[in-house]
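**Q** One structure, as C-alpha cells, below. Some questions next.
Each value in this text was obtained by applying a stated rule to the coordinates, not by laboratory testing. From a predicted model like this one, the values you see are computed outputs, not experimental measurements. Ideal geometry is used to build each Cβ from the backbone, glycine not excepted, and the neighbour counts take in all protein chains shown.
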Amino acid sequence: MKITQAEFVISAVKPHQYPEDALPEIALAGRSNVGKSSLINKLILRKNLARTSSQPGKTQQLNYYRVNDQVYLVDFPGYGYAKVSKTQRVLFGEMIERYLQGREPLKLQLLIIDIRHEPSEQDQQMYKWLKHYEIPTCVVVTKADKIPKSKWDKHIKMVKKTLEVDPRDSVVLFSSELGIGREQLWDIINEAIAT
Ligand code: GDP
C-alpha cells in the first residue's frame, strides 16, 4: 500500500470523541513495550508519529491515526505495565470492552505478541474478549529479528497454541527492525476494510 498521508487525529478518552466519519478502523492491542508504536510507524513509514501510545500509565485513551483518508489505525493503551493501579486496570477493561462491543467501524483487531515470550494471561484475556465479541483478529508476532530464523516456526506454534488461535484468524510474522511482514499485514488490512 502506498502511503500518501498519515496523521495523528486524537487521543480519545470518551466515546463521544471517537471520529464520526465512519472510516473503517483497524485497532491494535498488546502489552506495553511489545513494539506496537514501532509497528504503526513501520506500517505508515513514519519514524515517530506513533509515540504517545507508549506512555505507560495512560490507560484510558485510544489514539487515532488516519491513513490515506481511507482507514484509521486505533492504538489501544499498552497493558501489563506493573505500576498501573487496580482502578486504572478496571477502567482500561471497561473502555476496551465498550469499544469492542459497540464500535461499528471496527473491521479488524491486531493483537501484537513478542515472538520471544509465551503470551501472557492478559494477552490470553484480550484474545478471549476479541473472540467473545466476534471481532476478526490478526495475531502479529513481532520482533522476529530477535530470535534465529530456525526458531520462528516453533515460536509461532507456541503463540497459536497458548492463545488457542481460531483457524479463521491470520497470524503474521513481523519485524519493525527488518520490515518483515509489512506487505502481508497491509494485504490483510486492505482485505478487511474492503468487506
Ligand atoms: P510499545 O510500548 O508497544 O509501543 O513498544 P515500542 O514500539 O515503543 O518498542 C519497545 C522497544 O522495542 C523499543 O526499544 C523498540 O525499538 C523495540 N522494538 C520494537 N519493535 C522491534 C522489532 O521488531 N525488533 C527489534 N529488535 N526491536 C523492536
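**Q** Measure off 7 Å from each Cα along the Cα-to-Cβ vector at ASP187 and LEU45, then give the distance between these two points in nanometres to one decimal.
**A** With each label point 7 Å from Cα toward Cβ, the separation is 1.9 nm.
**Q** For the range 80-170, what mean projected area does the convex hull of the alpha carbons give, in nm²?
**A** 6.6 nm²
**Q** Here's another thing I want to ask about it. What percent antiparallel are the DSSP beta bridges of the range 6-194, to the nearest 5?
**A** Percentage antiparallel, nearest 5: 35.
**Q** Now for a separate question. For the range 88-135, which GluC sites (Glu not before Pro) pass both filters: DSSP loop (anything but H, G, I, E, B) and at most 11 other C-beta atoms within 10 Å?
**A** GLU134
**Q** Note the direction-averaged projected area, equal to a quarter of the hull surface, for the Cα convex hull of the range 6-194, in nm².
**A** The number I arrive at for the range 6-194 is 9.8 nm².
**Q** Let me ask another. Given points 7 Å out from each Cα along the Cα-Cβ axis, report the GLU7 to GLU118 separation in nanometres with one decimal.
**A** 4.7 nm
**Q** Can you sort VAL159, VAL90 by how many other beta carbons sit within 10 Å, fewest first?
**A** VAL90, VAL159
**Q** Related question: Taking the simple approach of a point 7 Å from Cα along Cα-to-Cβ for both LEU178 and LEU91, what is their distance in nm?
**A** The answer from the label model is 4.0 nm.
**Q** Measuring from a point 7 Å past the Cα of LYS128 along Cα-to-C-beta, which residues in the range 65-80 have an amide N at less than 18 Å?
**A** 79-80
**Q** Next question, about the same structure. Return the Cα extents of the range 1-109 along principal axes one, two and three, sorted largest first, each rounded to a whole Å.
**A** 42, 29, 19 Å, listed from the longest principal axis down.
**Q** Could you work out the longest stretch of the chain that avoids the trypsin sites (Lys or Arg not before Pro) located in DSSP loops with at most 10 other Cβ atoms within 10 Å?
**A** Here the longest run is 84-167.
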